[in-house]
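The values are calculated or read from the model by the stated rules, or taken from the named source; none is laboratory data. Quantities reported herein were computed from a predicted structural model and do not represent experimental measurements. Every residue, glycine among them, receives a Cβ derived from its backbone with ideal geometry; neighbour counts consider all protein chains shown. Calculation scope for accessible area: heavy atoms of the full protein, side chains included, ligands and nucleic acids excluded. Shrake-Rupley method; radii C 1.70, N 1.55, O 1.52, S 1.80 Å.
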Amino acid sequence: MSVVVAIKPSARKRNAKVGRLVFEDGTRHAFESRAAAERWADDLSAGDGHVWVASAHPRDGDDADCYLVSRATNAKLEAAYDKRRRRLRGDPAPEQESLGGEP
């Protein structure tokens, strides 16, 4: 059985190795199994942006069985401290509260 993995734009943008792979070999890759595709994604993630294999929706009209995807992030907010992160989002309560609701 062959598993076809289509590379989504999120993976290309987040991981330079994936971008090069798309440039050199295209956006579709076939593997002998889902496990082989997941090992491939793990190898691509080593030392670069995290990518993973996600199942394609059954009603998706694409002929791919899975997608290689990543999560787009805002690097500025990722690097900010929690207090600054709340301020950037416009949170009016700058103080951190405990789970019980008391400051």
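Looking for something in contact with a strand residue (DSSP E or B) (Cβ under 7 Å, 6 or more places away or on another chain) and of a type in the set (Gly, Ala, Ser) - is there at least one such residue anywhere in the stretch 41-49? Yes - at least one qualifying residue is present in the stretch 41-49. For the stretch 62-87, the set of residues classified as open to solvent by 80 Å² or more (accessible area, probe 1.4 Å) and either closer than 21 Å to Arg12 by Cα or at pLDDT 80 or above (or both) consists of Asp63, Arg71, Ala72, Asn74, Lys76, Glu78, listed by residue number. Residues in the stretch 21-50 that are surrounded by fewer than 13 Cβ atoms within 10 Å (Cβ to Cβ) and among the hydroxyl-bearing types (Ser, Thr, Tyr): Ser33 alone.
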